[in-house]
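Report on the following structure.
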Amino acid sequence: MKKIGMFFGTETGSTRLIAKKIHKKLGDDIAAKPVNVNRITMEEMLQYDVLILGTPSYGEGAIPGLSAGCLEPNWEEFLAKSDQQPDFSGKRIAFFGLGAQERYSERFCSSLFKLYELFKGYGAEIVGSWSTEGYTFAHSAAVEDGRFVGLVIDERTQGRFTDERIDAWLAQVKPLLLEKLATPA
Ligand SMILES: Cc1cc2nc3c(=O)[nH]c(=O)nc-3n(C[C@H](O)[C@H](O)[C@H](O)COP(=O)(O)O)c2cc1C
């Protein structure tokens, strides 16, 4: 059986940590080892029909990368490597995003929306929206129709909820990802 591809961007390692947790919960038989996007090309990502993609939030809701003040290459630099718009039609993607709701209450997890919008524009089917219940923030671009567009994790102020949030999200999203793995495009 083909696996779920798992890729993330990170500046200080938290998004890697969450990707590893998700991977561990899914198991190696189902999900490929999470890889930092700064180590791959778009062609490598396109080998997967089913993906879990993770991002922190930096800047005014920009795609994380050097322009948003990051010191490490992130999603921005990964995306800049391809000169053509990639084709994700027939692929299914679930997103997770990290942010800090107290410190960045006005733009909580906003980068997640940028990435979501981009891959939707590439033709991907996006699954895994998540309730905003239990979070406290003034504004988040990552809310669409009253729900986050992916799993939202705040390790800084709500790390105690991380495991239960991942478990509840996977309970929703795993069947959808497995269904797609079984019936690729
Ligand atoms: C300079 C800076 C800017 C940030 N901007 C935002 C933001 O706009 N929205 C948000 O929710 N979190 C923001 N954060 C919080 C990070 O997204 C959060 O700490 C995340 O867990 C970092 O993930 P990483 O360790 O994978 O880089 C910012 C953090 C820093 C240091």
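Each reported figure results from applying straightforward, stated rules to the coordinates on display, with no laboratory input. All values derive from a computational prediction rather than experimental measurement. Glycine gets a Cβ as well: all are built from the backbone with ideal geometry, and neighbour counts include every protein chain shown.
For the reader, a short list of remarks on this structure follows.
- Where THR12 falls short, out of the listed (1) of a type outside the set (A, V, I, L, M, F, W, C); (2) within 14 Å of the ligand (Cβ to nearest atom); (3) under 14 Å from the mean Cα position of the chain (by Cα): (3)
- Filter pass, LEU181 being within 16 Å of the ligand (Cβ to nearest atom), assigned to a helix (DSSP H, G or I) and either touching a strand residue (DSSP E or B) at 6+ places or on another chain (Cβ under 8 Å) or not hydrophobic (A, V, I, L, M, F, W, C) (or both): no
- ARG39 satisfies every condition listed in (1) more than 16 Å from the ligand (Cβ to nearest atom); (2) without any contact (Cβ under 8 Å) to a residue 24 or more places away in the chain; (3) within 23 Å of LYS120 (Cα to Cα) except (1).
- GLU106 falls short on exactly one of the conditions (1) touching a helix residue (DSSP H, G or I) at 6+ places or on another chain (Cβ under 7 Å); (2) assigned to a helix (DSSP H, G or I); (3) more than 19 Å from THR15 (Cβ to Cβ); (4) of a type outside the set (A, V, I, L, M, F, W, C), and that condition is (1).
- For the stretch 42-82, the set of residues classified as more than 16 Å from the ligand (Cβ to nearest atom), of a type in the set (Gly, Ala, Ser) and touching a helix residue (DSSP H, G or I) at 6+ places or on another chain (Cβ under 6 Å) consists of SER82 only.
- Among (1) in a loop (DSSP other than H, G, I, E, B); (2) within 11 Å of the ligand (Cβ to nearest atom); (3) of a type outside the set (Phe, Trp, Tyr) - the single one SER111 does not satisfy: (1)
- Note on the stretch 24-37: residues that are under 22 Å from PRO64 (Cα atoms) and crowded, with 17+ Cβ neighbours inside 10 Å total 3.
- Entry remark, the stretch 114-142: residues being more than 17 Å from THR162 (Cα to Cα), of a type in the set (Ser, Thr, Tyr), touching a Gly at 6+ places or on another chain (Cβ under 9 Å) and assigned to a loop (DSSP other than H, G, I, E, B) number 1 in total.
- Cβ separations smaller than 8 Å between residues 6+ apart or across chains give the following pairs from the stretch 62-86 residues that are closer than 15 Å to GLU43 by Cβ and touching a residue at least 60 places away in the same chain (Cβ under 8 Å) to residues that are hydrophobic (A, V, I, L, M, F, W, C) and in a loop (DSSP other than H, G, I, E, B): PHE78/ILE40.
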